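Written out below as structure tokens is the structure these notes cover.
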Amino acid sequence: MKTNARNLSLWVALIALILLGILWGSPGGTPGGRFKALPLTGSGFVGRDLPLDEVEKQVYQRAESVKRLYLLDDTRFVLTAIDGTGNRHAVHDPLYCFRGAGWQVASERAITVPGGEARWLQLAREGHQTEVVFWFSNAGEHHTSASRAWRLGLWHRLSFGRAGSETALIVMQPGQDTAPNWTNLFARFPFAFQL
């Protein structure tokens, strides 16, 4: 009888710890300025902040986010980054948003980027095409798995911020009609992989 009561107590304590970690978030539960080091200007490039649209404001609320248009030589691109510390639901599989906005995935593949891999998408909607590259970032490791991002974020919260970092979602899109040479862009703009 003592063993059953002890096992029950351990299960209750474990469940309470998990719930506390989920509800608590990371230490302080507020974003930590993760994107402050992302430069607006540098050698060969200049950027400017873009306002979030109404849907982005709703989805990213309480999450630290940055949305910037950059000009690198003659290439324009938009970088959007979301840190899930203040709102873990803001970091999600971006395919849901693209499909929700009416885009169809015409083609996709994994591509190698510094620190891991990203997902390249060719999207089509009403006769228009565009490309998007995205990845999840956890302490310098880059991957494309939304479920892995969720697990790593949960582990970060359960450890009260002591294990890893909160997950960030990084999305890059062309800021012009033609898509950039992504490999060249990644080599010339390494700051995206430091988030």
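The values are calculated or read from the model by the stated rules, or taken from the named source; none is laboratory data. Keep in mind that what you see is a predicted model, and the values were worked out from it rather than measured. Methodologically, a virtual Cβ is constructed for each residue, glycine included, from the backbone with ideal geometry; neighbour enumeration extends over all protein chains shown.
Data overview
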quantity: Flag if W120 is surrounded by fewer than 21 Cβ atoms within 10 Å (Cβ to Cβ), touching an Asp or Glu at 6+ places or on another chain (Cβ under 7 Å) and not small (G, A, S); calculated: yes
quantity: V66, sole failed condition from (1) at pLDDT below 90; (2) within 30 Å of N181 (Cβ to Cβ); (3) of a type in the set (A, V, I, L, M); calculated: (1)
quantity: Meets criteria (over 20 Å from F136 (Cα atoms), surrounded by fewer than 13 Cβ atoms within 10 Å (Cβ to Cβ), within 19 Å of the chain's Cα centre (by Cα) and of a type outside the set (K, R)) for Q104; calculated: no
quantity: Sole residue being under 13 Å from A168 (Cα atoms) and out of contact with any helix residue (DSSP H, G or I) (no Cβ under 7 Å at 6 or more places or on another chain), chosen from F35, F45; calculated: F35
quantity: Condition check for T112: among the hydroxyl-bearing types (S, T, Y), under 23 Å from R76 (Cβ atoms) and surrounded by fewer than 17 Cβ atoms within 10 Å (Cβ to Cβ); calculated: no
quantity: Search result, residues across the range 117-147 that are assigned to a strand (DSSP E or B), touching a residue at least 24 places away in the same chain (Cβ under 8 Å) and either farther than 20 Å from N181 by Cβ or β-branched (V, I, T) (or both); calculated: R125, T130, V132, V133, F136, S137, N138, E141, H143
quantity: Top-ranked residue in the range 148-180 [being closer than 15 Å to W120 by Cα and touching a residue at least 60 places away in the same chain (Cβ under 8 Å); ranked as farthest from the chain's Cα centre (by Cα)]; calculated: P180
quantity: Breaking point among (1) in contact (Cβ under 8 Å) with a residue 40 or more places away in the chain; (2) farther than 22 Å from L40 by Cα; (3) surrounded by fewer than 21 Cβ atoms within 10 Å (Cβ to Cβ), for F193; calculated: (2)
quantity: Residue match in the range 165-183 (condition: surrounded by 20 or more Cβ atoms within 10 Å (Cβ to Cβ), at pLDDT below 80 and in contact with a Gly (Cβ under 7 Å, 6 or more places away or on another chain)); calculated: yes
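Each row is one residue, and each column tells you yes or no for (1) within 30 Å of D74 (Cα to Cα); (2) of a type in the set (S, T, N, Q); (3) touching a Ser or Thr at 6+ places or on another chain (Cβ under 7 Å); (4) in a helix (DSSP H, G or I).
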site: R157; (1), (2), (3), (4): no, no, yes, yes
site: R162; (1), (2), (3), (4): no, no, no, no
site: S165; (1), (2), (3), (4): no, yes, no, no
site: M172; (1), (2), (3), (4): yes, no, no, no
site: Q176; (1), (2), (3), (4): yes, yes, no, no
site: T183; (1), (2), (3), (4): yes, yes, no, yes
site: F186; (1), (2), (3), (4): yes, no, no, yes
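One line per residue, one yes/no per condition, for (1) out of contact with any strand residue (DSSP E or B) (no Cβ under 8 Å at 6 or more places or on another chain); (2) at pLDDT below 90:
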| position | (1), (2) |
| --- | --- |
| S26 | yes, yes |
| G29 | yes, yes |
| G32 | no, yes |
| L38 | no, no |
| F45 | no, no |
